[in-house]
Amino acid sequence: MTRNSRWPGFYKLSVEERRRMAAEALGIDIRELIAAVGDGGLTCERADKIIENVVGTFSMPFALALNVQINGQDFIAPMVVEEPSVVAAASNAAKMVREGGGFKAEADEPIMIAQVQLDDVVDSVRACTRLRQHAGELVALGNDAVPGLVQRGGGVRGIEPRDLGDGMVVLHLYVDCRDAMGANLVNTVAEAVADRVLELAGGRMGLRILSNLCDRRKVRVTCRVPAHALASDGQSGEEVRDGVVRASRFAERDPYRATTHNKGLMNGLDAVVIATGNDWRAVEAGAHAYAARSGSYSPLCVWRADKGDLVGVLEIPLSLGTVGGPSRVHAGAAMGLRVVDACSAIELAMVAASVGMASNLAALRALATEGIQRGHMALHARSVAIAAGAVGNDVERVAHRIHALGNVSVDAARRALSELSSSSHSAPPPSE
Ligand code: MEV
């Protein structure tokens, strides 16, 4: 099915109408959609089987980011996030990127790293040589431990001994995880080869575990946005473009700013990671370690002006899966995967990274123009209205009023709510 992710006016519909439209456009039975994400996607009974000491479940909004086009193909990106304006901003920025031909993405093979640590190795140079000499045997041993993965076309691709000094030798095994995130597979491999590694290298056994710095599993995304697509109230597209570039340069020089820059990127990226049941702690750990690889924490995505356009370049390690993991037990995660309809873990990583890039662009554009608070507060006002007790249509009315007053606080929302209810009580009853 050829997807079209341009759904104009989607945001203006009610939740019911959005469900109908999404189900039809995605070819998903609306009853299945509602059953999966209508109520959080996870029963308490099921939750109790997943982790320990469960006393309940905890829902988050499940939304769809639109306009995402990658390598000429449209995607609807599921997003689970509690922060107002992230979904709208990503969809809006993806629309700007679309005007320049969409995101261009490519990714490495899904290679994860297993680490086997040895301490007290007497002759680490000899140990490394011995491990290298037995590479074929170690690869085969690792593969024997994950026959299912080998059958699916994955498996151990190679090894690399690393001498970390002071008698510490660490063996890396590179494992192609295909469409799995791979943590269990990689840990299985690490444990399966460990005894033989010890025999070959000597010393004392240490840890056997994956590395979340999956720098052999990176995604690269670029985009080119025509300046006119960036124009905002009162600022030309060229001015906004240059503002985004200045913001990027700031992040490139200052780790304090780079951290917030990357946080804005992870707003969108993590939301897709969570919506598809993936491990966002692993993704976060890998992303920030990679951002600091030069010794100075840097932005994962940088922006420049080129031939009049704004050009973005992102590179990030990303370990995502489309099989296994929570998608087997969490109906919402399974639905997230159906919605995004990625044909592989690699494609899912491209979608998540592109949505991250869109979030980064949206944040920098807002910061370079009117500032972040105006748009943010308009949406935040809704949560504040709910916190003040507004329900149904009153949520929008109260939010609108406190935003117009420029006082987005729970106190102001309570006052607005009581004014609204007293004016509706004193209104004449509708005529029969
Ligand atoms: C807020 O969640 C994210 C931003 O702070 C990102 C940024 O400053 O680039 C707006």
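The values are calculated or read from the model by the stated rules, or taken from the named source; none is laboratory data. Everything numeric in this text was worked out from a predicted model, so none of it was measured. Glycine gets a Cβ as well: all are built from the backbone with ideal geometry, and neighbour counts include every protein chain shown. To get the accessible areas, we keep the full protein, side chains included, count just its heavy atoms, and leave off ligands, DNA and RNA. Shrake-Rupley method; radii C 1.70, N 1.55, O 1.52, S 1.80 Å.
Results, tabulated for the structure shown:
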quantity: The stretch 230-236 - phi-based ³J(HN,Hα) in whole Hz, Karplus 6.51/-1.76/1.60, Gly and Pro as x; calculated: 8, 3, 10, 3, x, 10, 6
quantity: Values of log10 I(q)/I(0), in the order q = 0.10 Å⁻¹, for the chain under a Debye, Cα-only, solvent-free model; calculated: -0.80
quantity: Listed residues L337, T57, S359: farthest to the positive end of the dipole of the chain (Cβ charges); calculated: S359
quantity: Percent breakdown of C-alpha pair distances by 10 Å bin, ordered from the shortest bin, for the stretch 150-198; calculated: 23, 50, 22, 4
quantity: Efficiency of FRET from Cβ geometry, E419 and R246, R₀ 45 Å, rounded to 0.05; calculated: 0.55
quantity: Residues in the stretch 149-187 reached by a label modelled at R132 [backbone nitrogen below 15 Å; 7 Å Cα→Cβ]; calculated: 159-164, 170-172
quantity: Helix-only CD estimate at 222 nm, as mean residue ellipticity for the chain, using -39500 (n - 2.57) per DSSP H run (n ≥ 4); calculated: -16000 deg cm²/dmol
quantity: More than 21 Å apart - percent of Cα-Cα pairs taken over the stretch 111-211; calculated: 25 percent
quantity: P(r) tail fraction, the stretch 375-426 - alpha-carbon pairs more than 14 Å apart, %; calculated: 38 percent
quantity: Spin-label proximity, C44 to the stretch 316-359 - amide N less than 13 Å from point 7 Å beyond Cα toward beta carbon; calculated: none
quantity: Viscosity 0.692 mPa s, 37 °C: Kirkwood-radius Stokes-Einstein D of the stretch 285-432 over Cα pairs, µm²/s; calculated: 166 µm²/s
quantity: Over the chain, relative contact order from alpha-carbon pairs under 8 Å, at least 6 apart, %; calculated: 18 percent
quantity: Where labels lie 7 Å past Cα in the beta-carbon direction, separation of R31 and T222 in nm; calculated: 4.9 nm
quantity: Amide H contacts of L164 (H built 1.01 Å from N, under 5 Å, at least 5 apart or other chain); calculated: V169, V170
quantity: Peptide ranges 146-155, 268-277, 53-62 listed from the most packed, as the mean C-beta count within 10 angstrom indicates; calculated: 268-277, 146-155, 53-62
quantity: For the stretch 375-426: relative contact order, % (alpha-carbon pairs under 8 angstrom, 6 or more apart); calculated: 38 percent
quantity: Distance in nm between pseudo-label sites at E396 and R162 (7 Å out along the Cβ direction from Cα); calculated: 5.4 nm
quantity: Cα shape, the stretch 329-387, gyration tensor, a/c 1.5 rule; calculated: oblate
quantity: For the stretch 42-118 and the stretch 187-229, distance of Cα centres in Å; calculated: 21 Å
quantity: Calculated P(r) of the stretch 40-98 - Cα pairs past 18 Å, %; calculated: 51 percent
quantity: Over 31 Å (Cα to Cα) - which of K12/K307; K49/K218; K12/K218; K49/K104; K12/K263; K218/K307 fall in this group; calculated: K12/K307; K49/K218; K12/K218; K49/K104
quantity: Heavy-atom accessible area ranking, 1.4 Å probe, most first, across E238, E160, E347; calculated: E238, E160, E347
quantity: Relative contact order (%) - criterion: Cα under 8 Å, at least six apart; region: the stretch 200-329; calculated: 37 percent
quantity: Nearest-ten-degree value, helix 15-26 long axis tilted from longest Cα axis of the chain; calculated: 50 degrees
quantity: R0 of 41 Å, Cβ-Cβ distance E24-E191: FRET efficiency to nearest 0.05; calculated: 0.30
quantity: Convex hull volume of the stretch 1-96 per residue (C-alpha atoms, cubic angstrom); calculated: 132 Å³
quantity: For the stretch 160-171, Karplus couplings with θ = phi - 60° (6.51, -1.76, 1.60), whole Hz, Gly/Pro x; calculated: 8, x, 10, 8, 8, x, 6, x, 9, 10, 10, 9
quantity: Residue order for L405, L310 - accessible surface, 1.4 angstrom probe, largest first; calculated: L405, L310
quantity: Charged-residue dipole, Cβ positions (Lys, Arg, Asp, Glu), the stretch 111-211 about Cα centre, Debye nearest 20; calculated: 240 debye
quantity: FRET E, pair F10, A140, Förster distance 35 Å, beta-carbon r, rounded to 0.05; calculated: 0.10
quantity: Mean Cβ count within 10 Å, highest first, over the residues of peptides 24-31, 392-399, 223-230; calculated: 223-230, 392-399, 24-31
quantity: Per-residue ³J(HN,Hα) for the stretch 357-370, Karplus 6.51 cos²θ - 1.76 cosθ + 1.60, θ = phi - 60°, Hz, x for Gly and Pro; calculated: 5, 4, 5, 5, 4, 4, 5, 5, 5, 5, 5, 7, 10, 7
